[in-house]
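Supplied in structure tokens, the structure appears directly below.
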Amino acid sequence: MNIRNWLTEHKKKNLLRRLTPVKRLPDGQLVVPGHTSQQLLDFSSNDYLGLSTHKGMIELSRHFLELAGCGAGAARLMSGDLAMYHRLEEEVAQLKGQEAALLFGSGYMANCGVIPALVGRNDVIFTDRLNHASIYDGCSLSRAKLIRFHHNDLNHLEELLSKQRGKGEALIVVESLYSMDGDRCPLQDMVQLKEKFNCLLMVDEAHATGVFGKNGGGIIEEDGVAGRVDIAMGTFGKALGSYGAYIASTQNMIDFLINRARTFIYSTGLPPAVIGASLAATRIIRQEPELRRDLFARVDCFKAALAKKGVTNLGPSQIVPIMVGQSSRAVQIANALRDQGIFATAVRPPTVPEGTARLRFSITRHLGHEALQKAASLIGAALHAS
């Protein structure tokens, strides 16, 4: 591969990504050095509940830092298995309605470690076409036969299961809330299918945990299927305002993954300060359900304001994608909005399918009602002007 030519070609197609250094302010706004706007409203953050600046999280994070230092010092199967990890895993298991849980360094590491541990060459994976890249990479590492079904299309999935289930292990992998489309998986019907065809079901709840469910346990809690999902994966780096990830399942499954998931076995344990923040977050989302109510009041405000500008079909969640189509137009609109104080990312292929470039707006509790209404007005004007 000629790297120079590759970079030139991607730049011409408006597909070249660049890092944008920012300064994050306590109120959720951003400062981009050198940009004309002094402060920008951040619509690209996944800190949905605003917990990254929650006093309780900062205090427990600081306490664990002072208690155990900056790092674990080793992988957990060596000498790095700190007692605090077990405390967090117990609370995660309770939150997700499962017997046990296991921590991972990130959501990417969880998906890339768990999927190859569960299936191999003689097995088959059925994956939603719009699943996250980390899921697809986990599938590739497993070397199992990979079959994609149309997004949220259970009729298509059932047809494929009927024809290609095979005699080995079969794994269905979905997201409960899709990060680029903001729509939900029909989990109640999905668990019936997995039981009918005797499959394992893995549900990625990265964007749902903390936001949905009576106790913040995610969509598997809200839909009442936690006990019928075989593997619940989630992250601490989004609504829980920290970092890292987890798998929640049966005790047997967790014991199996401790011995089989390479991204767990060969990774240093998470830093104590991160564990403290995550432990505080799991308690806060159970004890403060008003955070979720407040978030969705802001989501409703934003969507109502967009509807007045003719922007509709905005989905059921805090993730609000606005389809644009061409990458060049998405970048143009994103740049125009940034000049008016709105930081929203233009999402382009290969993150999303060709021809479906979009602006992805994440609503967080950092964004006030007045700011959301003003932003919706500017977004509507930018869409009509482009």
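Rundown of residues vs (1) of a type in the set (Lys, Arg); (2) outside the structural domain of Asn259 (by TED's automatic domain parsing); (3) surrounded by 20 or more Cβ atoms within 10 Å (Cβ to Cβ); (4) out of contact with any strand residue (DSSP E or B) (no Cβ under 7 Å at 6 or more places or on another chain), yes/no style:
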| site | (1), (2), (3), (4) |
| --- | --- |
| Arg4 | yes, yes, no, yes |
| Lys23 | yes, yes, no, no |
| Ser61 | no, no, yes, yes |
| Ala75 | no, no, no, no |
| Gly80 | no, no, no, no |
| Glu91 | no, no, no, yes |
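Taking Arg143, is it surrounded by fewer than 24 Cβ atoms within 10 Å (Cβ to Cβ) and touching a strand residue (DSSP E or B) at 6+ places or on another chain (Cβ under 9 Å)?
Considered against the rule, which asks whether it is surrounded by fewer than 24 Cβ atoms within 10 Å (Cβ to Cβ) and touching a strand residue (DSSP E or B) at 6+ places or on another chain (Cβ under 9 Å), Arg143 comes out as no.
Run Val352 past the list (1) crowded, with 20+ Cβ neighbours inside 10 Å; (2) not assigned by TED's automatic domain parsing to the domain that holds Ala208 and report the number of the one that doesn't hold.
(1)
Another question, then. Could you check segment 332-349 and list, in sequence order, the residues that are buried (at least 21 other Cβ atoms within 10 Å of the Cβ) and either farther than 22 Å from His10 by Cβ or not assigned by TED's automatic domain parsing to the domain that holds Ala305 (or both)?
Those that are buried (at least 21 other Cβ atoms within 10 Å of the Cβ) and either farther than 22 Å from His10 by Cβ or not assigned by TED's automatic domain parsing to the domain that holds Ala305 (or both): Leu337, Ile342, Phe343.
When only residues in segment 265-310 that are of a type in the set (Phe, Trp, Tyr) and more than 19 Å from the chain's Cα centre (by Cα) count, which is surrounded by the most Cβ atoms within 10 Å (Cβ to Cβ)?
Within segment 265-310, the match that is surrounded by the most Cβ atoms within 10 Å (Cβ to Cβ) is Phe302.
Can you tell me how many residues within segment 302-329 are in a helix (DSSP H, G or I), within 12 Å of Leu359 (Cβ to Cβ) and free of Cβ contacts under 8 Å to residues at least 60 places away in the same chain?
Final tally of qualifying residues: 1.
Looking at Phe302, is it among the aromatic types (Phe, Trp, Tyr), touching a Leu at 6+ places or on another chain (Cβ under 7 Å) and not assigned by TED's automatic domain parsing to the domain that holds Gln188?
Yes: the conditions hold for Phe302.
Can I ask one more? Among Thr268, Thr263, which is the only one that is in contact with a Cys (Cβ under 7 Å, 6 or more places away or on another chain) and at negative phi?
Checking each option against the conditions leaves just Thr263.
Please go through segment 33-53 and give me each residue that is surrounded by 13 or more Cβ atoms within 10 Å (Cβ to Cβ) and either of a type in the set (Asp, Glu) or modelled with pLDDT under 85 (or both), ordered by number.
His35, Ser37, Asp42, Asp47
Taking Gly182 as the residue in question, decide whether it is within 12 Å of Phe126 (Cα to Cα) and either of a type in the set (S, T, N, Q) or not in a helix (DSSP H, G or I) (or both).
Judged against the criteria, Gly182 is not a match.
Checking Glu159 against (1) in contact with a His (Cβ under 9 Å, 6 or more places away or on another chain); (2) surrounded by fewer than 16 Cβ atoms within 10 Å (Cβ to Cβ), which single condition isn't satisfied?
It is condition (1) that Glu159 fails.
Now, a different point. Is it the case that Ser134 is among the small types (Gly, Ala, Ser), in contact (Cβ under 8 Å) with a residue 12 or more places away in the chain and either out of contact with any helix residue (DSSP H, G or I) (no Cβ under 8 Å at 6 or more places or on another chain) or not assigned by TED's automatic domain parsing to the domain that holds Tyr246 (or both)?
no
Could I ask something else about it? Answer with yes or no whether Thr351 is touching a helix residue (DSSP H, G or I) at 6+ places or on another chain (Cβ under 8 Å), touching a residue at least 24 places away in the same chain (Cβ under 8 Å), assigned to a loop (DSSP other than H, G, I, E, B) and closer than 25 Å to Leu51 by Cβ.
no
Let me ask something additional. Check Tyr178 against each of (1) surrounded by fewer than 23 Cβ atoms within 10 Å (Cβ to Cβ); (2) aromatic (Phe, Trp, Tyr); (3) in contact (Cβ under 8 Å) with a residue 40 or more places away in the chain and name the one condition it does not meet.
(1)
Yes or no, residue by residue, for (1) under 24 Å from the mean Cα position of the chain (by Cα); (2) more than 18 Å from Ser45 (Cα to Cα):
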position: Ile333; (1), (2): no, yes
position: Asp339; (1), (2): no, yes
position: Ala346; (1), (2): yes, no
position: Thr351; (1), (2): yes, no
position: Glu354; (1), (2): yes, yes
position: Leu359; (1), (2): yes, no
position: Leu367; (1), (2): yes, no
position: Ser377; (1), (2): no, yes
position: Ala381; (1), (2): no, yes
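Look through segment 224-243, keep the residues that are surrounded by fewer than 21 Cβ atoms within 10 Å (Cβ to Cβ) and among the charged types (D, E, K, R), and return whichever of them is nearest to the chain's Cα centre (by Cα).
Asp230
In segment 186-230, which residue that is β-branched (Val, Ile, Thr) and in contact (Cβ under 8 Å) with a residue 40 or more places away in the chain is nearest to Glu290 (Cα to Cα)?
That would be Val211.
The values are calculated or read from the model by the stated rules, or taken from the named source; none is laboratory data. Because the structure is predicted, anything quoted here is derived from the model rather than measured. For neighbour counting, all protein chains shown are included, and Cβ atoms are generated from backbone atoms with ideal geometry for every residue, glycine included.
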